[in-house]
Amino acid sequence: MTDTTSTELAPVDIDPDLDLVLERRVDVPPSAVWAAWTRPEHLVKWFTPKPWETVDCEIDLRPGGVFRTTMRSPEGEDMDGGAGCYLEVVENERLVWTTALTPGYRPGPTGDDMPFTAVVEMTPDGDGTLYRAVARHRDPDGCTRHAEMGFAEGWGAAFDQLVELARTF
């Protein structure tokens, strides 16, 4: 992993027409949230809201590295989440990855009609964490469709599963 530790990260400005945001304060430290996000053996346990499950995950935790998941529906159908690309990796503070690029910063498939960039931030707050996940879209249509697909419910349920798992670390 490339160490890009920073004492002050550039703020992520939110555009309400293009960005969806999940913010929570949780009672687990940033290091536990980080471990859940960056270790495949942990991520497969929480990443997909139940009754779906994540059955495979590949993480090359460095800028330009791969972030890929495979999810399984309750009916047993597998869905490849595609290979995204990490853009920023700041241990215990921020992960940024995108579906618009593949590993090595290669442009993604042109058939992806709803690419987005995820910014996941973990800020220490006493013995817990202020957590913020932002899904940034290229156009209002993609943002609206992601919201209508259940962004708030899905990412919220998955994060609740992350916290439950992180409490066991």
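The values are calculated or read from the model by the stated rules, or taken from the named source; none is laboratory data. Note that the structure is predicted; figures quoted are calculated from it, not measured. Note: ideal-geometry Cβ built from the backbone for every residue, glycine included; neighbour counts use all protein chains shown.
I'm trying to understand the selection: among the residues of segment 7-42, which are in a loop (DSSP other than H, G, I, E, B) and under 16 Å from Thr168 (Cβ atoms)?
Passing the criteria: Asp27, Val28, Pro29, Arg39.
Scanning for something farther than 18 Å from Pro29 by Cα, surrounded by 14 or more Cβ atoms within 10 Å (Cβ to Cβ) and in contact with a strand residue (DSSP E or B) (Cβ under 8 Å, 6 or more places away or on another chain), does segment 124-134 turn up at least one residue?
Yes - at least one qualifying residue is present in segment 124-134.
Given (1) under 26 Å from Arg25 (Cβ atoms); (2) at pLDDT 95 or above; (3) surrounded by fewer than 19 Cβ atoms within 10 Å (Cβ to Cβ), where does Glu77 come up short, assuming only one miss?
(1)
When segment 136-162 is examined, which residues are found to be farther than 18 Å from Leu9 by Cβ and in contact with an Asp or Glu (Cβ under 8 Å, 6 or more places away or on another chain)?
His137, Pro140, Gly142, Cys143
If the Cβ limit is 8 Å and pairs must be 6+ apart or interchain, which residue in segment 88-107 that is part of a strand (DSSP E or B) and modelled with pLDDT of 95 or more pairs with which residue that is of a type in the set (Lys, Arg) and crowded, with 19+ Cβ neighbours inside 10 Å?
Qualifying pairs under 8 Å: Glu88/Arg94.
Are any residues in segment 108-144 farther than 15 Å from Trp34 by Cβ, of a type outside the set (Val, Ile, Thr), without any contact (Cβ under 8 Å) to a residue 40 or more places away in the chain and not in a helix (DSSP H, G or I), and if so, which ones?
Gly108, Pro109, Gly111, Asp112, Asp113, Met114, Pro115, Phe116, Gly126
Tell me, please, whether a residue that is over 19 Å from Glu41 (Cα atoms), among the basic types (Lys, Arg) and in a strand (DSSP E or B) can be found in segment 145-161.
no
Do we find that Leu61 is surrounded by 14 or more Cβ atoms within 10 Å (Cβ to Cβ), at pLDDT 95 or above, in contact with a strand residue (DSSP E or B) (Cβ under 8 Å, 6 or more places away or on another chain) and of a type in the set (A, V, I, L, M) in this structure?
Taking the combined requirement at face value, the residue satisfies it.
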